[in-house]
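Once you've had a glance at the structure underneath, I'll fire off some questions.
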Amino acid sequence: MVEALLAQNGFNMGLHWPNFVSALSEYALMNELPRNWKVPKFTKFTVETNESTVEHIARYLTEAGDIANNENFKMKYFPSSLTKNAFTWFSWYQLEKVF
């Protein structure tokens, strides 16, 4: 029963290593940018920088441009602005929410 529940939530019991499970809603992930739109190149946030999280989010929204007008796009592309420990933390937090 436990193995079935874990498999249902994206865990591969054969390898004993969790698959990535996104906490973003399937609806947000399914949204595609309109034709001729491109995903902006985001400044990467890492925990090691002196930039605060508030500054990073403000920069992200500025760099997102028109994407920032759509909540699903904002959520979908936010992980693209994270790197190193910040991305690891974000991914781990999402995994913990599954449990």
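The values are calculated or read from the model by the stated rules, or taken from the named source; none is laboratory data. Predicted model only: the values in this text are computed from it and were never measured. Because the Cβ atoms are built from the backbone with ideal geometry, glycine has one as well, and the counts that use them run over all protein chains shown.
How about the range 57-78: which of its residues are closer than 10 Å to Phe42 by Cα and touching a helix residue (DSSP H, G or I) at 6+ places or on another chain (Cβ under 7 Å)?
Within the range 57-78, Tyr60, Leu61, Ala64, Tyr77, Phe78 meet the criteria.
What are the residue pairs meeting all of these: first residue in the range 74-90, first residue at positive phi, second residue part of a helix (DSSP H, G or I), Cβ atoms under 9 Å, and 6 or more apart or on different chains?
Filtered contacts from the range 74-90: no entries.
State whether the residues of the range 49-65 include one that is in a loop (DSSP other than H, G, I, E, B), loosely packed, with under 11 Cβ neighbours inside 10 Å and at pLDDT 75 or above.
Yes - at least one qualifying residue is present in the range 49-65.
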